[in-house]
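The values are calculated or read from the model by the stated rules, or taken from the named source; none is laboratory data. None of the values given here were measured: they were computed from a predicted structure. Cβ placement follows ideal geometry from the backbone for every residue including glycine, while neighbour counts extend to all protein chains displayed. Accessible surface areas use protein heavy atoms only, side chains included; no ligands, DNA or RNA. Shrake-Rupley method; radii C 1.70, N 1.55, O 1.52, S 1.80 Å.
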Amino acid sequence: MAPPMTGVNTAKTSVVKPPFSIPSFTSASLCTGKTTLRMLSASSSSSLVKASLTHRQDSPHNLSLDALIKGDRREEVVGAINRSLSNCLSETNLHLTVPGIKSKTRGKVRDIYDYGDYLILVTTDRQSAFDRVLASIPFKGQVLNETSLWWFDRTQHITSNAVVSVPDKNVTIAKKCSVFPVEFVGKLHFWIVVRGFVTGSTDTSLWTVYKNGVRNYCGNVLPDGLVKNQKLSSNILTPTTKAATHDVPVTPDEIIERGLMSQADYEEASRKALSLFEYGQKVALEHGMILVDTKYEFGKGEDGSILLIDEVHTPDSSRYWIAQSYEDRFQNGLEPENVDKEFLRLWFKDNCNPYEDEVLPEAPEELVRELSWRYIFLYETITKSKFEVPLSEEPVHDRISRNVKTAVAALK
């Protein structure tokens, strides 16, 4: 079990115990061969979600788009966002300011610093999609870091994690792990992506590959007749590995055959990924949201244990929809009301070729502002705590350097 996490101002909350069951959120089988999904009609798909939402009349599922697009809280936060547009954390250079750091690895969003037995993970405000950095979003790094920590703290009953300490709103110090070369949907990475709906706009999204005729995706056999944004009959795993410039879906069999993971490790990581996703769906639904899909990354500790690393259920790694309006919009062929970065992805797809154009247009300031607000809105909706806007005008990099210096001195 990871040590207690400190430094994040969130309300102390016990493990969430949902007041109702959600029978539609079921797991796919964990065999390394094919998983076959049964057909779930469009009406059944939305009805299952509706049944979950209306099971209790006093449940907090009255979240609507109104809360997102207007209100005093929005005005308050947008004012802070406007003041911070020129103070985003786009780059860090802690290897130049913190003694003892051995090297820096620049990811799309995170800057990772090697500090011996530990990694210093700095979550920047860089916004990434289509394997590109699109913009810098005020407070994004803080939102991602604190959202992940909230979930890390509440999922320790499912899996241990690598968190050691939290010296700054944008920084997590973690145990150094051996990273599996796959991510569950630079360095060879592997994600386990867990999906509950047929949706998405990127080349590797489930809806994109499905509408192009693919019916066996990452070992999951998909029935004909599915429509965009429809709920799957069961959650599925779509592992992804990282090539030089893009994500590459892989099957469980390929993972084992290529030696990316042992069968035992893959099955354990898969079980944990499905359990994390089901728990995340339950918590999100209690707060009026649908957790649509997400990705997890796992590593191995020195003792051989599989640890959850990177980020958990953030608006960067996950897709969220507003639950209350999902059924009506789905039945009428409308896109779900989302609280994630999908609208920014769609803007770039409408205004350029984000995969091939060498130079991309600058993201409009109003979209940057809107995305910052949506990230904060999602954080406050899920955690039921108020996002703390930094009051000091101190440059973010200076603050981080000062806090990290103090934290690493305590590690010695």
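Some values worked out for this structure:
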{"read-out": "Scan of the stretch 114-135 for residues that are under 16 Å from the mean Cα position of the chain (by Cα), part of a strand (DSSP E or B) and among the hydroxyl-bearing types (Ser, Thr, Tyr), ordered by number", "value": "Thr123, Ser128"}
{"read-out": "Selection within the stretch 175-200 - among the small types (Gly, Ala, Ser) and either in contact with an Asp or Glu (Cβ under 7 Å, 6 or more places away or on another chain) or at pLDDT 95 or above (or both)", "value": "Gly196"}
{"read-out": "Verdict on Lys405 being more than 24 Å from the chain's Cα centre (by Cα) and over 23 Å from Ala135 (Cβ atoms)", "value": "yes"}
{"read-out": "The stretch 325-340 - residue that is open to solvent by less than 20 Å² (accessible area, probe 1.4 Å) and assigned to a loop (DSSP other than H, G, I, E, B) and, of those, nearest to Asn229 (Cα to Cα)", "value": "Pro336"}
{"read-out": "Subset of the stretch 282-313 (residues that are open to solvent by less than 10 Å² (accessible area, probe 1.4 Å) and within 15 Å of Trp150 (Cα to Cα))", "value": "Val283, Ala284, Leu308, Val312, His313"}
{"read-out": "Residue selected from the stretch 155-173 under the condition under 12 Å from Val408 (Cβ atoms) and not charged (D, E, K, R), by the criterion surrounded by the fewest Cβ atoms within 10 Å (Cβ to Cβ)", "value": "Ser165"}
{"read-out": "Out of Leu144, Leu121, Leu134, Leu149, sole residue that is among the hydrophobic types (A, V, I, L, M, F, W, C) and closer than 15 Å to His397 by Cα", "value": "Leu121"}
{"read-out": "Selected residue (only one of Leu334, Leu308, Leu360, Leu285 is over 30 Å from Arg83 (Cα atoms) and touching a Lys or Arg at 6+ places or on another chain (Cβ under 9 Å))", "value": "Leu308"}
{"read-out": "Condition met for Asp316 (under 13 Å from the mean Cα position of the chain (by Cα), among the acidic types (Asp, Glu) and open to solvent by 10 Å² or more (accessible area, probe 1.4 Å))", "value": "yes"}
{"read-out": "Among residues of the stretch 381-412, those that are outside any loop (DSSP other than H, G, I, E, B) and either closer than 25 Å to Thr314 by Cα or not basic (Lys, Arg) (or both), counted", "value": "17"}
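Here is a yes/no grid of residues against (1) hydroxyl-bearing (Ser, Thr, Tyr); (2) crowded, with 16+ Cβ neighbours inside 10 Å:
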| site | (1), (2) |
| --- | --- |
| Ile81 | no, yes |
| Ser84 | yes, yes |
| Thr92 | yes, yes |
| Leu96 | no, no |
| Tyr113 | yes, yes |
